[in-house]
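The values are calculated or read from the model by the stated rules, or taken from the named source; none is laboratory data. Since we're looking at a predicted model, the values are computed, not measured. Cβ atoms come from the backbone with ideal geometry, glycine included; neighbour counts cover every protein chain shown. Accessible surface is based on the protein model in full, side chains and every heavy atom, while ligands, DNA and RNA are left aside. Shrake-Rupley method; radii C 1.70, N 1.55, O 1.52, S 1.80 Å.
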Amino acid sequence: MVRLQTLRGYLLEEVLAWLLRSSGYRLLTEEDDATRAPWKVLEKRKHGLVVRGRGAWHQADTLGEFPYVPPFSLPIRLFAEAKFTHPKVGLPTVRNGHGIVHDLNENVVTTWGNGSGPHRPRARYHYSYAIFSTSGFTQDAQEFALAHQISLIDLSLPDFKALCDLVRVAAKSVYDATRSMPPSQQPTVYEIRNYLRRHLLNLWDEPAADAPTVTGPLDTLAAGLRRRSSLGLVLAFPAAPFVLGLVSNDLYAFLSHAREQPTHLVRVRRIHRSVGHPLWRIEPREGPPYRLTFSLPEQVEAWILDQEEGSRSRTHWMARNLLSAITMYWVDENHTHTFQLRYSPEEFLEVSGRPRSFTSGFGETPDLF
């Protein structure tokens, strides 16, 4: 029987797939690969979907594909792994993600032939890996991820608390219901996920859980998500080797602004909290207000805000170079919109959360960059 914290992570992965659908993230199924061996790379097995790498087949419960292809690149497929645990995500999880995508991206055989006919090209993709955590990441996990371009996305943001609470309650109810069943009647994780996908993503795979004591909490979770339809998680792509997960408590406000001004200037603020890691907040410089929030792994900030280089100058460097242009995609009725948020260095403000001032050649400008 699956552990409670593992079940929470699995349900959170389904919720993330639902949230990211507007970014164009679409979960793959075996039906997305209609080719035959040896060209086939997606296959359904007992415990769910698997994908073929150079050296092995890998479990691919939340492997999705984006409809847009960057110039001079390949179609992008993304693994979205979620960890809903109390301890921070450690190095083994990140190392496993790197091993999977490395094996998949090394699967470079482009043609197969039996010697009696022409060779047939195999479709190729670029695989990436993102790990979402409700408790953050250890230092060695962050350093390894940065070195190998594994994206780490922190879900401990205040905007995400209500959603995490929904997942926590649903997982506990499903876990308790499953424990009370005879072992022969307990649904598998695969069956639980399949049931939730029917209600969130309209994916009707078999088999699916059918016991009311199990499906009831999943129905409640799906209904709770729909009531919070304005909550959004959008993937954003800065000029850096990682992906940002931008959270908004009113995604429609952002969307309304971005549709009118696909490219617009924003303010970027770094906000210290009394508890927890600092937040980064994006707001429009002009026009109707909205708010997007994200968090960076501590090691990224430690590198950026290296005290030996000077916190003020390094923060300014980061905002000028990494966040100077953030690209976002929005898919609506099979049409892909591209938004670009441009940062003006004069609009950067770091709020330290405590009295602090210094004098520069331009006079006293506390925390203003």
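Any idea which residue in region 33-43 is nearest to the chain's Cα centre (by Cα), counting only those that are of a type in the set (D, E, K, R) and exposed (fewer than 15 other Cβ atoms within 10 Å of the Cβ)?
GLU43
Could you look through region 139-169, keep only residues that are within 13 Å of THR85 (Cα to Cα) and part of a loop (DSSP other than H, G, I, E, B), and pick out the one that is least open to solvent (accessible area, probe 1.4 Å)? Out of the qualifying residues, it is LEU155. Screening region 47-65 for residues that are part of a strand (DSSP E or B) and in contact with an Asp or Glu (Cβ under 6 Å, 6 or more places away or on another chain) and picking the one that is farthest from ASP33 (Cα to Cα) gives GLY48.
Count of region 269-289 residues, restricted to those that are over 28 Å from ASP332 (Cβ atoms) and loosely packed, with under 15 Cβ neighbours inside 10 Å, is 6.
Restricting region 235-268 to residues that are open to solvent by 60 Å² or more (accessible area, probe 1.4 Å) and over 21 Å from the mean Cα position of the chain (by Cα) leaves a set whose member that is modelled with the lowest pLDDT is ARG267. Scan region 201-210 and give yes if some residue there is more than 23 Å from the chain's Cα centre (by Cα), of a type in the set (Phe, Trp, Tyr) and either within 21 Å of LYS46 (Cβ to Cβ) or open to solvent by 50 Å² or more (accessible area, probe 1.4 Å) (or both), otherwise no. For region 201-210, residues more than 23 Å from the chain's Cα centre (by Cα), of a type in the set (Phe, Trp, Tyr) and either within 21 Å of LYS46 (Cβ to Cβ) or open to solvent by 50 Å² or more (accessible area, probe 1.4 Å) (or both): present. Every listed requirement among (1) of a type outside the set (D, E, K, R); (2) out of contact with any strand residue (DSSP E or B) (no Cβ under 8 Å at 6 or more places or on another chain); (3) buried (at least 19 other Cβ atoms within 10 Å of the Cβ) is met by HIS58 save one, (2).
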